[in-house]
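Written out below as structure tokens is the structure these notes cover.
The values are calculated or read from the model by the stated rules, or taken from the named source; none is laboratory data. Here the structure is a predicted model, which means the values were calculated and not measured. Here the Cβ positions follow ideal geometry from the backbone for every residue, glycine too, while neighbour counts run over all protein chains shown. Just so you know, the surface numbers come from the protein's heavy atoms only, side chains and all, with ligands and any DNA or RNA stripped out. Shrake-Rupley method; radii C 1.70, N 1.55, O 1.52, S 1.80 Å.
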Amino acid sequence: AKQPKQRRSIEQRQRHHIGLAVGLLFAICYAGCSIPAARLADRMDRPLLLAIFAGFWSMMTMAMATVNSFAALALVRMGVGMGESGCHPTNHSLVSSYFGPERRARVLGIVGAGGAFGVLFAMIAGGALASVVGWRMTFLIMGAPGLLVALLLWLILPEPRRMMRPEDRPRPTPLTGSVKTLLKNPAFVWLTVAAVLCTGGSMGIATWLAAFFMRTYGMPVQVAGFWLGLVSGGAGAIGYV
């Protein structure tokens, strides 16, 4: 009787550790690094900055193949959060420079749909690879192309600021002033609250959904990856567009 109880206790601690590393610690780094990353995008060469963040994100994804303890898992997931957090504000800043206000919403929707298609591909391909080569090699294979993408971002994307004279370049507004302006906008405030609630729930579900289907319904990893990718990625792409 003691062995099943001990086993359940160990499994419960493992779930807590995974939830802490994949959820809370990741979210803290993601949210905490987003604002400094956005401030860097106001001042630095944005294609280079985007390439750095994307490359770091990819390297941390590949580093998942090496984790062998909770500490290693936590550090790598925090690294993933740091890399991912810098891509979105830098990307949005570039979109605002490439396109006028009348086209930005459509372009940002297309960019978001690209991310949803990435989720679709990652889940389907990741599940198929994991069933053949194991989860460690899957992280290496899935993360490696991001390094090439990072290099292409740096080499191909133009930086409009390079073509401006230094005195003509827009100066970043103070952070406190930007925050006050945003907080005076009710639409921004309520959208932020909704995004926090929606993301908190969806990320909690996404963390455990594949394991739930595999353990409860006996789905092979490639089958769970296919259906979850099709539903979450496909529906996400439709919603963005």
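Summary of computed values
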{"read-out": "Meets criteria (in a helix (DSSP H, G or I), closer than 30 Å to Pro172 by Cβ, open to solvent by less than 50 Å² (accessible area, probe 1.4 Å) and in contact (Cβ under 8 Å) with a residue 24 or more places away in the chain) for Ala41", "value": "yes"}
{"read-out": "Search result, residues across region 207-223 that are among the polar types (S, T, N, Q) and under 25 Å from the mean Cα position of the chain (by Cα)", "value": "Thr207, Gln222"}
{"read-out": "Unmet criterion (only one of (1) at pLDDT 90 or above; (2) more than 16 Å from the chain's Cα centre (by Cα)) for Val76", "value": "(2)"}
{"read-out": "Among the candidates Thr138, Thr66, Thr61, residue that is at pLDDT 90 or above, within 25 Å of Val231 (Cβ to Cβ) and open to solvent by 20 Å² or more (accessible area, probe 1.4 Å)", "value": "Thr61"}
{"read-out": "Residue list for region 67-81, restricted to those being under 15 Å from Arg136 (Cα atoms) and touching a residue at least 12 places away in the same chain (Cβ under 8 Å)", "value": "Leu73, Val76, Arg77"}
{"read-out": "Neighbours by Cβ (under 7 Å, 6+ apart or cross-chain): first from region 127-152, among the basic types (Lys, Arg); second surrounded by 14 or more Cβ atoms within 10 Å (Cβ to Cβ) and outside any loop (DSSP other than H, G, I, E, B)", "value": "Arg136/Ala65"}
{"read-out": "Search result, residues across region 212-241 that are among the hydrophobic types (A, V, I, L, M, F, W, C) and either surrounded by 14 or more Cβ atoms within 10 Å (Cβ to Cβ) or not in a helix (DSSP H, G or I) (or both)", "value": "Phe213, Met214, Met219, Val221, Val223, Ala224, Phe226, Trp227, Leu228, Ala237, Val241"}
{"read-out": "Any hit, region 175-193, residues being surrounded by 11 or more Cβ atoms within 10 Å (Cβ to Cβ), part of a helix (DSSP H, G or I), in contact with a Gly (Cβ under 6 Å, 6 or more places away or on another chain) and not charged (D, E, K, R)", "value": "no"}
{"read-out": "Residues being at pLDDT below 90 and polar (S, T, N, Q) - total across region 217-241", "value": "1"}
{"read-out": "Any hit, region 83-94, residues being under 26 Å from Met60 (Cα atoms), charged (D, E, K, R) and surrounded by 12 or more Cβ atoms within 10 Å (Cβ to Cβ)", "value": "yes"}
